[in-house]
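Engineer: Encoded as structure tokens, here's the structure I'll be asking about.
Please treat every number below as a calculation from the coordinates, not as lab data. What you see is a predicted model; the values in this text were computed from it and never measured. All Cβ positions, glycine included, derive from the backbone under ideal geometry; neighbour counts span all protein chains shown.
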Amino acid sequence: MKTKEQSILLGHGSGGRMMHDLISDVFIRHFANEILSEQTDSAILSVGSSEIAFTTDSFVIHPLFFPGGNIGKLAVCGTVNDLAVSGSEPLYISVSFIIEEGFPISELEIIVEALAAEAKKAGVLIVTGDTKVVNKGKCDKLFINTAGIGRMREEDRLISKAEDIQPGDVIIINGTIGDHGMAVMNARESFNFKTTVESDCASLNHMIRQMLDKSAVKFMRDPTRGGVATVLNELVEKIQLGIEIDETSLPINKGVQAMCELLGFDPLHIANEGKVVIVASENEAESILKSLQNHELGKRSTIIGRIVSDHPGRVVLKNETGGRRIIDSLSGDLLPRIC
């Protein structure tokens with residue numbers, strides 16, 4: 001086993017290498033089956049003659065309210081996006097609440113209203129749920145658990161498996177990176193940076209469906225915990241090819257860039273909640289960009305890199321001076337509790 005720690009650390013929930021090792025060494029080892037071994041954002045399941053996507057998620061963010069959203073909106077966006085990037089049409093979600101004794105009902109209602117509004121906007125129904133209340137001090141105010149079901153189309157069922165990626169394929173993202181993680185950190189730590197950075201928290205299913213109706217993509221993943229770097233490293237490990245990223249093409253808000261420079265963070269490791277990383281053939285790139293840029297959530301979509309045959313299993317960043325550096329997965333705990 002790679003996991004040598006005797007106790008769970010915050011880094012085991014970071015979305016990076018420590019979390020990957022924990023999942024492989026403990027959960028996959030005991031739960032192993034053909035469906036789970038795919039380790040995709042949603043499980044693709046056969047139900048009679050049809051296929052569905054099924055996902056689950058938990059939300060423990062601190063603080064509960066942050067610029068651009070709150071835990072209720074986040075719970076819907078995170079669940080819907082896991083279904084959408086798997087190529088499915090999100091239909092139904094469950095919502096379960098674990099509430100600490102003493103939590104203000106007025107705040108709970110604000111969160112529930114935001115959750116309901118985002119579900120309506122995404123076009124999904126909340127069809128079941130559960131509520132538990134625990135003694136004061138036994139959880140941090142409020143945790144939310146969700147599950148989601150989406151309908152698969154035959155032509156999209158392999159998107160999450162990354163089976164047909166070739167050298168020369170392009171890597172596209174639908175906008176600026178790192179907004180969510182830095183907005184949450186600024187709200188939590190009270191750095192009082194004079195910045196207008198807001199979370200990018202948004203449900204992407206309508207934008208993704210609009211794109212898939214016109215273009216073919218080979219892979220999609222939403223870069224949440226661990227950021228874009230972790231998604232790309234997981235991808236090269238799976239396909240045993242390399243990736244080259246052009247630093248000058250990375251869309252980053254000035255406020256996020258400034259905060260990262262001051263705090264010593266790499267924006268590629270910062271969480272996002274309204275972004276999708278897409279891999280497609282170069283022939284499809286123009287069509288995909290046009291579709292994304294015609295949607296409000298994709299106006300800053302751009303090509304950030306390519307799949308290459310060089311340095312298999314490695315993600316390499318090319319900077320504007322011609323230098324190169326290896327971009328690894330997040331190794332430990334960078335931004336705790338950002339989702």
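Engineer: If packing is taken as the average count of other Cβ atoms within 10 Å, what order do 232-243, 66-77, 273-284 fall into, highest mean first?
Structural biologist: The packing order, highest mean first, is 66-77, 273-284, 232-243.
Engineer: Follow-up question, since we're still on this one. With a cut-off of at most 12 other beta carbons within 10 Å, and DSSP calling the residue loop, which GluC sites (Glu not before Pro) in the range 144-204 qualify? Please list them.
Structural biologist: Counting only loop positions with at most 12 other Cβ atoms within 10 Å, the GluC sites (Glu not before Pro) in the range 144-204 are 163.
Engineer: How far apart, in nm, are the 7 Å Cα→Cβ label points at residue 266 and residue 25?
Structural biologist: 2.2
Engineer: Could you state the number of Å between the C-alpha centres of the range 1-44 and the range 152-210?
Structural biologist: 22
Engineer: Also, I was wondering about something else. Based only on other Cβ atoms within 10 Å, what is the fewest-to-most ordering of 190, 309, 96?
Structural biologist: Ordered from fewest to most neighbouring Cβ atoms within 10 Å, 190, 309, 96 come out as 190, 309, 96.
Engineer: For 8, 270, what's the fewest-to-most ordering of other Cβ within 10 Å of each Cβ?
Structural biologist: Lowest to highest Cβ neighbour count: 8, 270.
Engineer: Would you list the P(r) distribution for the range 83-222, with all Cα-Cα distances sorted into 10 Å bins from 0 and each bin expressed as a whole %?
Structural biologist: Reading upward from the zero bin: 9, 28, 33, 22, 8, 1.
Engineer: A further question follows. P(r) of the range 162-326 in 5 Å steps, Cα pairs, percent per bin?
Structural biologist: 2, 9, 18, 22, 20, 15, 9, 4, 1, 0
Engineer: Got the relative contact order for the range 40-156 handy, in percent, Cα pairs under 8 Å and 6 or more residues apart?
Structural biologist: Relative CO of the range 40-156 lands at 41 percent.
Engineer: Return the tail of the calculated pair distribution for the range 40-156, meaning the percent of Cα-Cα pairs more than 23 Å apart.
Structural biologist: Beyond 23 Å sits 32 percent of the P(r) for the range 40-156.
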